[in-house]
Structures are given as C-alpha cells and as structure tokens.
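Comments concern the structure below.
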Amino acid sequence: MEIKTFIITGANRGLGEAFVDVLMKRKDCFVISISRSITEKQQNYSVENFYFLEADLTDNILDKKLNIIKKIVKGNEICFINNASIIEPILKIEDLDETAIDKTISVNIKSTLLITKYLLKKFNKNTLTFVNISSGAANRAISNWSLYCSSKAYIKMFFSVAESEYKQHRFFNIDPGVMDTKMQRSIRESDFPDVLNFQNLKKDEKLKSPKVVALEIINTIK
C-alpha cells in the first residue's frame, strides 16, 4: 500500500481539523500538521499516521522549521493543503495598523510562499499536489476586508503562476463556500456594511459543514 503524505496548515480547527479527521480514517495517509497547537483528539493519533509540527506562521524562522519535513515524509506522493488564514482585523483601511498588516501578510501570504517554495525545491522529483483553500473574497471586494480579500487574491494568482512554471505537478484553487466555523462566528460579530448577509446565512442554516467540505475536496483532488 502506497502511503501519501498530506501537509496541512491550520489543522487544529475548522476546515483544517476536518481534513485531519477525514484523512485519519484512511490507512494510506500520513498527515503533517503545521499549526500553533494540537487538539486533544489529535494528541491520541499514532505517530505512524500523524505528526505535529508546532509552528507559528508569523515566525521568522518558519523556513528553518520546514527542514524536518524532509526527514519524516512518507511515500512519493505529497499534498500540501494551504488552509490557514486569518480575517481579522475587519476594519476600514485608514484604521489598519502596521502590526495587523504584517501579521496578515505573514500568515496568509508569506508562509504559503515559503512552504510551496520548500516543497518544489526539495521534492521536485516527487508527485506533488498543491491545494489552496481560496475564498469568494479573492474575486469580490468586501468593505473592511481589504487585508483578507487582497491576500486571498494574491495566493490565488501565486498558485496560477506556479502551475505555469511546474506543469509536472498539480495545483488547485478551491473556494469551499461559506462554512460553519469560528471564522464565520467572528465575521457575524464584527461591524462592517455586509455583516447582515453573513448573519442571515447562519440564521437560514446555509452554512456548510467543514467535514462535508473536507471530504468533497479530498475526493476532488484524489
């Protein structure tokens, strides 16, 4: 049985956690979680199937921490799921501060570039799949979401360029739709012009289950 390694950012909650739950039910998967913390359930997974790489995506030494991947990856197939992202602060542009800008760039953009670069450089002879969890915000301007919208658009284009440079590998930009996660709760509790629409999605029970979405995406990229 050929083992496939999945590298997932932000795997400790929301869609990232759902990806882990889905993959841990399969015997042919080895998951590397790149996150700041680990869930209680994930602590009980076998080291044969799961590895927790503790990392803050705002850390300036992230590229050095990635070197551990070379030592623990299993199988020839590697799939990177770029899942981690932050939406806060939800503010008008004039109210953004430098710290918030730097944090969003580090988590939503820089970390993705570093991990993608590392895999293409160290594992270019492997079978690689790159999955960017995108958003409708990558294509639509939403007031007070300047950092989130622009960072999502950035990575969508970055993956498109990467696909043109590395035709031997697979690249996906996938918009999962609106899910029932902590991020959505944070959005509903924020103050911005379009907030009522997001509150109504919850009220009308139109939010998707992260586990259902995770399974759909895994089936799409297999």
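The values are calculated or read from the model by the stated rules, or taken from the named source; none is laboratory data. Not measured: the values here are computed from a predicted model. As a convention, Cβ positions derive from the backbone with ideal geometry for all residues, glycine included, and neighbour counts pool all protein chains shown. Please note that ligands, DNA and RNA were not included when accessible areas were found on the heavy atoms of the full protein model with its side chains. Shrake-Rupley method; radii C 1.70, N 1.55, O 1.52, S 1.80 Å.
Read through the list (1) in a loop (DSSP other than H, G, I, E, B); (2) open to solvent by 90 Å² or more (accessible area, probe 1.4 Å), then give the number of the only condition that Glu216 fails.
If we test Glu216 against (1) in a loop (DSSP other than H, G, I, E, B); (2) open to solvent by 90 Å² or more (accessible area, probe 1.4 Å), just (1) comes out false.
Kindly evaluate Ile3 against the criterion of being closer than 17 Å to Ile221 by Cα and crowded, with 20+ Cβ neighbours inside 10 Å.
Details: closer than 17 Å to Ile221 by Cα: yes; crowded, with 20+ Cβ neighbours inside 10 Å: no.
Here the answer is no, as Ile3 does not meet what is asked.
Please work out which one of (1) under 30 Å from Asp191 (Cα atoms); (2) open to solvent by 20 Å² or more (accessible area, probe 1.4 Å); (3) touching a residue at least 60 places away in the same chain (Cβ under 8 Å) is the condition Lys74 fails and give its number.
All conditions are met except number (1).
Could you please find all residues in region 162-200 being in a helix (DSSP H, G or I) and open to solvent by 40 Å² or more (accessible area, probe 1.4 Å)? Before you say what the answer is, go through the steps one by one.
Of the residues in region 162-200, the ones in a helix (DSSP H, G or I) are 162-165, 182-188, 195-200.
The answer is Glu163, Ser164, Glu165, Lys182, Met183, Arg185, Arg188, Leu196, Asn197, Gln199, Asn200.
Only one residue in Lys182, Lys211 is under 16 Å from the mean Cα position of the chain (by Cα) and modelled with pLDDT under 95, so which one is that? Can you show your working first?
Values: Lys211 fails: modelled with pLDDT under 95.
Answer to the selection: Lys182.
Kindly check whether there is at least one residue in region 131-145 that is in contact with a Pro (Cβ under 8 Å, 6 or more places away or on another chain), in a strand (DSSP E or B) and not basic (Lys, Arg).
Scanning region 131-145 turns up at least one residue that is in contact with a Pro (Cβ under 8 Å, 6 or more places away or on another chain), in a strand (DSSP E or B) and not basic (Lys, Arg).
Given the conditions (1) modelled with pLDDT of 95 or more; (2) open to solvent by less than 30 Å² (accessible area, probe 1.4 Å), report the number of the one that Lys156 does not fulfil.
Status for Lys156: all satisfied but (2).
Cβ-Cβ distance below 7 Å, separation of 6 or more or different chains: which pairs start in region 203-217 with a residue that is in contact (Cβ under 8 Å) with a residue 24 or more places away in the chain and of a type in the set (Gly, Ala, Ser) and end on one that is open to solvent by less than 100 Å² (accessible area, probe 1.4 Å) and not in a loop (DSSP other than H, G, I, E, B)?
Short answer, once both residue conditions are applied: Ala214/Leu15; Ala214/Ala18; Ala214/Phe19; Ala214/Val22.
Name the single residue, out of those in region 124-136 being surrounded by fewer than 19 Cβ atoms within 10 Å (Cβ to Cβ) and not β-branched (Val, Ile, Thr), that is nearest to Ala162 (Cα to Cα).
That would be Asn124.
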